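Asker: I have a structure here, written as structure tokens, and I will follow up with some questions on it.
The values are calculated or read from the model by the stated rules, or taken from the named source; none is laboratory data. As the structure is a computational prediction, the values presented were derived from the model and not from experiment. Every residue, glycine among them, receives a Cβ derived from its backbone with ideal geometry; neighbour counts consider all protein chains shown.
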Amino acid sequence: MIDLHSDSVVTTHAIAGVIAGLVRPRDIIVLAGDMGAGKTAFTVGFTRALGVSEDDQVSSPTFTLVHSYNSGRIPVLHADLYRLNSMAEVADLGLREQVDLGAVALVEWGDVAADVIGDSLTIELSHDENDDDARDIVISVEGHGWDSRWDKLRDSLRQWSAH
């Protein structure tokens, strides 16, 4: 696990940018946290770091379920599972199949569907109770997809370490 502290949206974007720099096609990143914790803000920083055009308005896909951004160095799928009621609905989105074609997926509320999602990097964001602009961020991994990148990820994020 990697424990980080972000003091602002700008810092959250920077952290997301570091992770985007290490991402590979077929990676799935699960974004967990309460409403307003910064999942979409993280996605904005992540997609911009991958070169997604400013013309692509990155927003929460709550009502459309999945947004696609294809203008960066890797296609990005941004999904929001909040409104889904069953694992079958999650499976019906076909995220794993789309990712296997060479995209990267960012999945808000994906922590509730870990069995369907499989190997993933989880970014859990939470409000800092002492500062409305700050976030505590915990990064963990499910599976082995990040084994060869884990040490580099930890070292690259060290400046925001919560310890």
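Asker: Consider region 81-108. How many of its residues are outside any loop (DSSP other than H, G, I, E, B), hydrophobic (A, V, I, L, M, F, W, C), touching a helix residue (DSSP H, G or I) at 6+ places or on another chain (Cβ under 8 Å) and modelled with pLDDT under 80? Steps first, answer last, please.
Answerer: Let us first name the residues in region 81-108 that are outside any loop (DSSP other than H, G, I, E, B), namely 87-92, 95-100, 104-108.
Of the ones still in play, those that are also hydrophobic (A, V, I, L, M, F, W, C) are 87-88, 90-91, 95, 99, 104-107.
Pick out the ones that are also touching a helix residue (DSSP H, G or I) at 6+ places or on another chain (Cβ under 8 Å) and you get 87, 90-91, 95, 105-107.
Now drop any that are not modelled with pLDDT under 80, which leaves 87, 90-91, 95.
Result for region 81-108: 4.
Asker: Within region 146-155, restricting attention to residues that are of a type outside the set (Phe, Trp, Tyr) and crowded, with 17+ Cβ neighbours inside 10 Å, which residue is farthest from Lys39 (Cα to Cα)? Show your work before the answer.
Answerer: Residues of region 146-155 of a type outside the set (Phe, Trp, Tyr): 147-149, 151-155.
From what's left, crowded, with 17+ Cβ neighbours inside 10 Å: 149, 153.
Details: Arg149: 22, Leu153: 19 Å.
Filtering region 146-155 for residues that are of a type outside the set (Phe, Trp, Tyr) and crowded, with 17+ Cβ neighbours inside 10 Å, the one farthest from Lys39 (Cα to Cα) comes out as Arg149.
Asker: Answer with yes or no whether Ile28 is farther than 14 Å from Leu125 by Cα, at pLDDT 85 or above and in contact with an Asp or Glu (Cβ under 9 Å, 6 or more places away or on another chain). Explain how you work it out, then say what you get.
Answerer: Working: farther than 14 Å from Leu125 by Cα: yes; at pLDDT 85 or above: yes; in contact with an Asp or Glu (Cβ under 9 Å, 6 or more places away or on another chain): yes.
Judged against the criteria, Ile28 is a match.
Asker: Then there is this: With respect to His78, is the statement that it is at pLDDT 80 or above and more than 17 Å from Gly17 (Cα to Cα) true?
Answerer: On the way: at pLDDT 80 or above: yes; more than 17 Å from Gly17 (Cα to Cα): no.
Judged against the criteria, His78 is not a match.
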